[in-house]
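Working notes, structure below.
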Amino acid sequence: MPICEIDPWRTQYFENAACPADVFIPTEDSDGWLWNPKHRWIYDKLAVAVSQGLNAAPHGIAPQNYPVFSKPIYNLKGMGVGSRPLASADDYADAYQPGHMWSTLLEGKHISSDVALIDGAPQWWRHAGGIASGGGTIVATASMAGLVPAPFDPIYAANKHAVVGLVRSIGDSYAAEGVRVHALCPSFAYTNIIKGSEQTLLDMGFPIIEVADVVDAFERILDSDSTGQCWYVVAGRPSEPFEFRRAPGPRID
């Protein structure tokens, strides 16, 4: 099936679905926008809300009743980034920003559905249910370059060290609320980020791990009861939290 997907591990969801060879199905909203100009209205969340009879308006027109739900009108990347419920006029004032909207706060069972259509006929479905758990696990994407020096790309290393430092610093901050925070730190894996450089890395002595190894590590993190850990993923070793040496404390005479 000609699924246009940047993450190889996701192809497991599509590989058994039949699709004509001349049909290209985007899984990235940015591709969907570019390839289907006649249907770009579906990314306009304000237009969709109004079409479904919901009370909705852009920021600048204050809600008459609360609570409401606020989110970007357009958001092709980042899932629910910038979204939040607003319980009062004070919340609305704090959240106010251009390009955002509010709408009726929906309650009840939450089902998210994806569908692939050919000439209006469904060819593939996938559903996910939203369940309020009262907690959860945040997994930040870091890298082995956040645990060791990476002189071949110091700017990248600085970014990943920042992620590691953030996770270690806030790991305990939300534990009382049942929220765990971890960093996933894989070595080089067979993904598009190293495409064309695989043999060079192997010649330099860098074993390349499979994407499945990273997925396994991610699942181990979800099963962990700890928080504030940075999990390395390297060839030939099970993924575990990296053991940082304690910094020397002050000496009091």
It is to be established whether one or more residues within the range 199-211 are within 20 Å of the chain's Cα centre (by Cα), at pLDDT 95 or above and either within 27 Å of T11 (Cβ to Cβ) or of a type in the set (A, V, I, L, M) (or both).
no
Expected single match for part of a strand (DSSP E or B) and within 22 Å of the chain's Cα centre (by Cα) among V167, V115 is V115
Over the range 25-34, the set of residues surrounded by 13 or more Cβ atoms within 10 Å (Cβ to Cβ) and either touching a residue at least 24 places away in the same chain (Cβ under 8 Å) or over 18 Å from the mean Cα position of the chain (by Cα) (or both) is I25, T27, E28, D29, D31, G32, W33
Here the residues within the range 136-164 that are surrounded by fewer than 19 Cβ atoms within 10 Å (Cβ to Cβ), small (G, A, S) and assigned to a loop (DSSP other than H, G, I, E, B) are A150
Within the range 67-102, restricting to residues that are hydrophobic (A, V, I, L, M, F, W, C) and in contact with a helix residue (DSSP H, G or I) (Cβ under 9 Å, 6 or more places away or on another chain), the one that is surrounded by the fewest Cβ atoms within 10 Å (Cβ to Cβ) is L76
Q) Being closer than 30 Å to G134 by Cα and not small (G, A, S), is that true of even one residue in the range 190-200? A) no
In the range 98-112, anything of a type in the set (G, A, S) and in a loop (DSSP other than H, G, I, E, B) is listed as G99, G108
For E219, the lone unmet condition from (1) touching a Leu at 6+ places or on another chain (Cβ under 6 Å); (2) over 18 Å from V163 (Cβ atoms) is (1)
The residue that is farthest from the chain's Cα centre (by Cα), considering only those in the range 1-22 that are surrounded by 14 or more Cβ atoms within 10 Å (Cβ to Cβ) and within 12 Å of I118 (Cβ to Cβ), is C19
Across (1) under 26 Å from W124 (Cβ atoms); (2) out of contact with any helix residue (DSSP H, G or I) (no Cβ under 8 Å at 6 or more places or on another chain); (3) outside any strand (DSSP E or B), Q64 clears everything bar (1)
By residue number, the members of the range 204-253 that are surrounded by 12 or more Cβ atoms within 10 Å (Cβ to Cβ) and among the β-branched types (V, I, T) are I208, I209, V211, V214, V215, I221, T227, V233, V234
All-but-one check, A57 against (1) in contact (Cβ under 8 Å) with a residue 40 or more places away in the chain; (2) in a helix (DSSP H, G or I); (3) not hydroxyl-bearing (S, T, Y), failing number (2)
message = Residue under question is S173, and the condition is that it be free of Cβ contacts under 8 Å to residues at least 60 places away in the same chain, more than 24 Å from D7 (Cβ to Cβ) and among the hydroxyl-bearing types (S, T, Y); does it hold?
response = yes
Q: Please verify whether the range 213-222 includes one or more residues that are closer than 25 Å to D153 by Cβ and of a type in the set (K, R).
A: no
Per the filter on the range 220-253, residues at positive phi and in contact (Cβ under 8 Å) with a residue 60 or more places away in the chain are G228
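The values are calculated or read from the model by the stated rules, or taken from the named source; none is laboratory data. In this text, all values refer to a predicted model and were calculated from it rather than measured experimentally. Using ideal geometry, Cβ is built from the backbone for each residue, glycine included, and neighbour counts are taken over all protein chains shown.
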